[in-house]
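This report concerns only the one structure given below.
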Amino acid sequence: MSSLSQRPANAVVGQAIPHESAALHVTGSALYTDDLVGRTAGVLHAWPVQSPHARATVTALRVEAAYGIDGVVRVLSAADVPGLNDAGVKGDEPLFPAEARHVGHAICWVLGETLEAARLGAAAVEVDYAPLPAIITLREAIAAEAFQGCQPTLLRGDVESGLAHAAVVFAGELDIAGQEHFYLETHVSIALVDEAGQVFVQSSTQHPSETQAMVAQVLALPSNAVTVQSLRMGGGFGGKEMQPHGLAAVAALGATLTGRPVRLRLNRTQDMTMTGKRHGFHAQWRVGFDADGHLTALDATLTSDGGWSLDLSEPVLARALCHVDNAYWIPDVRVNGRIARTNKTSQTAFRGFGGPQGMLVIEDILGRCAPLLGIDPAELRRRNFYVDGQATPYGQPVRHPERLVHAWDDLTARADLVQRREEVAAFNAEHPHAKRGLAITPVKFGISFNFTTFNQAGALVHVYTDGSVLINHGGTEMGQGLHTKMLQVAATSLGLPLERVRLAPTRTDKVPNASATAASSGADLNGGAVKHACEQITARLAEVAAAELSVDPSEVTFAGGVVSGGGGSLTWEEVVALAYAQRVQLWASGFYRTEGLQWDSTAMQGSPFKYFSYGVAACEVEVDGFTGAYRTRRVDIVHDVGDSLSPLVDIGQIEGGFVQGAGWLTLEDLRWEEGDGPNRGRLATQSASTYKLPSLSEMPEVFTVALLEHAHEDGVVYGSKAVGEPPLMLAFSVREALRQAAAAFGPERAAVHLATPATPESVWWAIESARSQRDDDSPGRRAERAGVTVVSAEVGGQDPHAPDQPEPDAPPIAPETERLADSGSPR
Ligand code: MTE
Ligand code: MOS
């Protein structure tokens, strides 16, 4: 066991404690960035002038009228930018654009004494636009070949021969929906400038160091003249990984120009119409199975909807490609990736970061094809699991695949699946107008940033002369409980009760060059750094105590606030006081980098992940045959978090991730105006009244979560595993349960295509498709109804009803496209 993962007896990590701010959260006293407005004098408020066009050249901008409005102080436009007029790391995100690229794009900003003055000022600004043709949907972009960024290909073996040797080959397509983050706290920044020109930005950002770099870029300042603090976020979910930068830069620009604090907070509609969302994807695929239902080959093209600029689209696509296998061994693989450029918000990181979209492709294939193969979907999945010794298509050995089997078997027993399948069948036989479905699906998710460089972190741990401890680390808190875990890590490492340790908000002047708190790696990385800092301190204190106790320093131990050795002991406070008197340094900075990673993003090969997280979910739904409406009757989960650092936090993450995934797959329906009218490109769902989020009424009626046992992870802080993103994908079980319930309205072995999101409307169409197979349940008819083309079939001979053309309309494979060199900032 590595010393990093070794856990002392009676450790503070592993204790089931509430979130460190739980009491503040529920009493409303936790401070969020916007709460600082009331504590800051002379604040100016910012309001954007937003484009009504999806794409248009700005031919004239007249701001004079804004100054006629009472309380308007300043209009910010491109001419005011001292540095680079760009808020991104790719150089394709002008902060004040000369061309509007989506409806809602901010052209300029107005600062006012009050929010109302700024709003009226923005309304008074006159902008002349020359509209240009715009691309709105992913399919339009594919037809126009409007792509941006790299076009990677993930390749293993010979996919043509894999398909040629298959007993049956199917082909199909899938449209995957995007998702709005809908964090409770919208984007917000407050910027101040001090007497020496030092800029201080408080921002709701997951990546303070990059926000700092972008503010410096726009203001033409060195990074040491800009400090960014992230107090805590009211949710980020990936939406605050890159998108805060431009907003922080506008606030900082306003503060430098006026000398006054500037607050920029988006209201909900501004947030929804200006900032990026989960990428929608289109997938086109051919898949081969052998006569036993083992996957032989997968050939697919995944096209993501990147929106108007690249932002994080390239690394999101890379993660999608790296997760197209999910938990399954596929011998021959070719997956082409492309990023469409559309005139929509710039789509960005969202919990899972492309992983969910990639995994949905294979889960959808298995769910759609199982009835066509005549194999129970759970059995088809289980049969294709990785086994020890196999590697992913990008060449990383799959370690601990048996954990997934344990989780699967454990859940099957725990949730009584065998018995309940019979009950579901009995219910369905008795009820012509209501059907139930019960599905079980696995998750395998790679942990670490693909981009090896980002897998590093820093921390700063202070011990004061009274023995109290203050820690800082480079990670941000967005509700996920990272700070709680870091307090537990520090207390464990220093051998102190939790109450002796305090944590200060994340700031770039405390810990520099920090990576985004993302990729679920916050606890792994920052935990390693906090532990490293603490261990330097205990090593020094051990020397001090050893001299006092007349033992060797190696015999000194720290536990529960007591420092012991050779039968004697001192209090922590006594040792700290001695150390100070002896002029021994009482604080330390820590650093951690994940060992053993390597990734070639051009070849799409390597071992980018420290380990895989595993999980299994079983879900039962009931669907109404008249409306497609459904309820989630029961969900059971077994999830692998290693040896949990903080079980309550982890269970909360699993529950929350699952529900957010269920929202994405079944409820949340982003709609953009796609017609040719004046509203073309407008987001039609711009508030909670039109965008359906999961709420209490959509919760599973029974919901159990268990942490996988015997799950120690060697080489990670105190044997734990990341938890933030993987549980989101447990929600595939809801979609598959809905598919099975819909299919139950048709003949036995009806195969159905279920659109995403599987709203009641989509479910109703799936039911109709199942019913339509009653009159003709030949294999060809069933395949057609499931949106699957039977390309070739040896098992049972050629199906006479199979559609004529052996290939789907468009060839599933983009021609051997030249692999574009990786253009940087992968993540
Ligand atoms: N949980 C809450 N409550 N709020 C959030 O914004 N973000 C998720 C996840 N869980 C999020 C959350 C995402 S996208 C990630 S990457 C991880 O938390 C980031 O935190 P971690 O690395 O500390 O797990
Ligand atoms: Mo999470 S999408 O990696 O911020």
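The values are calculated or read from the model by the stated rules, or taken from the named source; none is laboratory data. Since this is a predicted model, take the numbers as computed values, not measurements. In this analysis, Cβ positions are derived from the backbone assuming ideal geometry, glycine residues included, and neighbour counts consider all displayed protein chains. The area values use the complete protein model at the heavy-atom level, side chains included, leaving out ligands, DNA and RNA. Shrake-Rupley method; radii C 1.70, N 1.55, O 1.52, S 1.80 Å.
Could you please let me know if residue 398 is over 30 Å from residue 238 (Cβ atoms), aliphatic (A, V, I, L, M), at pLDDT 95 or above and in contact with a Lys or Arg (Cβ under 8 Å, 6 or more places away or on another chain)?
Spelling it out, it is not the case that residue 398 is over 30 Å from residue 238 (Cβ atoms), aliphatic (A, V, I, L, M), at pLDDT 95 or above and in contact with a Lys or Arg (Cβ under 8 Å, 6 or more places away or on another chain).
Under the condition of being within 16 Å of ligand 1 (Cβ to nearest atom) and among the hydrophobic types (A, V, I, L, M, F, W, C), which residue from the stretch 230-248 is surrounded by the most Cβ atoms within 10 Å (Cβ to Cβ)?
Among residues in the stretch 230-248 that are within 16 Å of ligand 1 (Cβ to nearest atom) and among the hydrophobic types (A, V, I, L, M, F, W, C), the one surrounded by the most Cβ atoms within 10 Å (Cβ to Cβ) is 242.
Given 355, 389, 395, which one is more than 17 Å from residue 740 (Cα to Cα), assigned by TED's automatic domain parsing to the domain that holds residue 735 and within 16 Å of ligand 1 (Cβ to nearest atom)?
On inspection, the qualifying residue turns out to be 355.
Give me the pairs, please: first residue somewhere in the stretch 50-71 and farther than 28 Å from residue 680 by Cβ, second residue anywhere and part of a loop (DSSP other than H, G, I, E, B) and among the hydroxyl-bearing types (Ser, Thr, Tyr), beta-carbon distance under 8 Å, and either six or more positions apart or on two chains.
Pairs that qualify, where the first residue is farther than 28 Å from residue 680 by Cβ and the partner is part of a loop (DSSP other than H, G, I, E, B) and among the hydroxyl-bearing types (Ser, Thr, Tyr), are 71/114.
Select, from 383, 351, 399, the only residue that is open to solvent by 10 Å² or more (accessible area, probe 1.4 Å) and in contact with a helix residue (DSSP H, G or I) (Cβ under 8 Å, 6 or more places away or on another chain).
The conditions single out 351.
Please specify each residue of the stretch 489-510 satisfying the condition of being more than 13 Å from residue 9 (Cα to Cα) and polar (S, T, N, Q).
506, 508
With the requirement that a residue be open to solvent by less than 70 Å² (accessible area, probe 1.4 Å) and free of Cβ contacts under 8 Å to residues at least 24 places away in the same chain, what does the stretch 552-568 give you?
Residues satisfying the conditions are 553, 556, 564, 565, 566, 568.
Assess whether residue 348 counts as being among the hydroxyl-bearing types (Ser, Thr, Tyr), closer than 28 Å to residue 827 by Cα, within 16 Å of ligand 2 (Cβ to nearest atom) and outside any helix (DSSP H, G or I).
Details: among the hydroxyl-bearing types (Ser, Thr, Tyr): yes; closer than 28 Å to residue 827 by Cα: yes; within 16 Å of ligand 2 (Cβ to nearest atom): yes; outside any helix (DSSP H, G or I): yes.
Yes.
Table: residues versus (1) closer than 30 Å to residue 674 by Cα; (2) in a strand (DSSP E or B).
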| site | (1), (2) |
| --- | --- |
| 57 | yes, yes |
| 61 | yes, yes |
| 65 | no, no |
| 69 | no, no |
| 84 | no, no |
| 88 | yes, no |
| 97 | yes, no |
| 108 | yes, yes |
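Looking for whichever is on the phi < 0 side of the Ramachandran plot and in contact with a helix residue (DSSP H, G or I) (Cβ under 7 Å, 6 or more places away or on another chain) here; the options are 366, 411, 404, 417. Which one fits?
366
When residues of the stretch 1-42 are filtered for being in a loop (DSSP other than H, G, I, E, B), aliphatic (A, V, I, L, M) and open to solvent by 40 Å² or more (accessible area, probe 1.4 Å), how many remain? Steps first, please.
Taking the stretch 1-42 first, the residues in a loop (DSSP other than H, G, I, E, B) are 1-21, 28-32, 40-42.
Within this subset, residues satisfying the condition of being aliphatic (A, V, I, L, M) are 1, 4, 9, 11-13, 16-17, 30-31, 41.
Cutting the leftovers down to open to solvent by 40 Å² or more (accessible area, probe 1.4 Å) gives us 1, 9, 16, 31, 41.
Matching residues across the stretch 1-42 total 5.
If I ask for residues that are open to solvent by less than 80 Å² (accessible area, probe 1.4 Å) and either outside the structural domain of residue 620 (by TED's automatic domain parsing) or farther than 16 Å from residue 630 by Cβ (or both), which ones from the stretch 422-438 would you list? Don't jump to the end; show me each part of the working.
Taking the stretch 422-438 as the starting set, the residues that turn out to be open to solvent by less than 80 Å² (accessible area, probe 1.4 Å) are 424-428, 431, 434-438.
Result: 425, 426.
For the stretch 319-335, which positions are of a type outside the set (Phe, Trp, Tyr) and open to solvent by less than 10 Å² (accessible area, probe 1.4 Å)?
Result: 319, 320, 321, 322, 323, 324, 325, 326, 327, 330, 333, 335.
Looking only at the stretch 63-84, count every residue that is more than 16 Å from residue 258 (Cα to Cα) and not aliphatic (A, V, I, L, M) and tell me the total.
The number of residues fulfilling the criteria is 4.
Go through (1) crowded, with 24+ Cβ neighbours inside 10 Å; (2) at negative phi; (3) more than 16 Å from ligand 2 (Cβ to nearest atom) and name the single condition residue 604 misses.
(2)
Which count do you get for residues in the stretch 484-507 that are among the hydroxyl-bearing types (Ser, Thr, Tyr) and open to solvent by less than 10 Å² (accessible area, probe 1.4 Å)?
Taking the stretch 484-507 first, the residues among the hydroxyl-bearing types (Ser, Thr, Tyr) are 484, 492-493, 506.
Adding the requirement that they be open to solvent by less than 10 Å² (accessible area, probe 1.4 Å) leaves 484, 506.
Residues meeting the conditions: 2.
Go through the stretch 205-229 and count every residue that is away from ligand 2 (no atom under 13 Å from the Cβ) and open to solvent by less than 30 Å² (accessible area, probe 1.4 Å).
Number satisfying all stated conditions: 14.
State all residues of the stretch 474-514 that are outside any loop (DSSP other than H, G, I, E, B), within 25 Å of residue 212 (Cβ to Cβ) and without any contact (Cβ under 8 Å) to a residue 40 or more places away in the chain; if no residue qualifies, say none.
502 - this is the single residue of the stretch 474-514 that is outside any loop (DSSP other than H, G, I, E, B), within 25 Å of residue 212 (Cβ to Cβ) and without any contact (Cβ under 8 Å) to a residue 40 or more places away in the chain.
Here is a list of conditions, (1) closer than 15 Å to residue 243 by Cα; (2) over 19 Å from the mean Cα position of the chain (by Cα); (3) among the aromatic types (Phe, Trp, Tyr), and residue 353 meets all of them except one; can you say which number that is?
(2)
Going through the stretch 119-144 one residue at a time, which ones are farther than 23 Å from residue 98 by Cβ and touching a strand residue (DSSP E or B) at 6+ places or on another chain (Cβ under 9 Å)?
119, 120, 137, 138, 139, 140, 142
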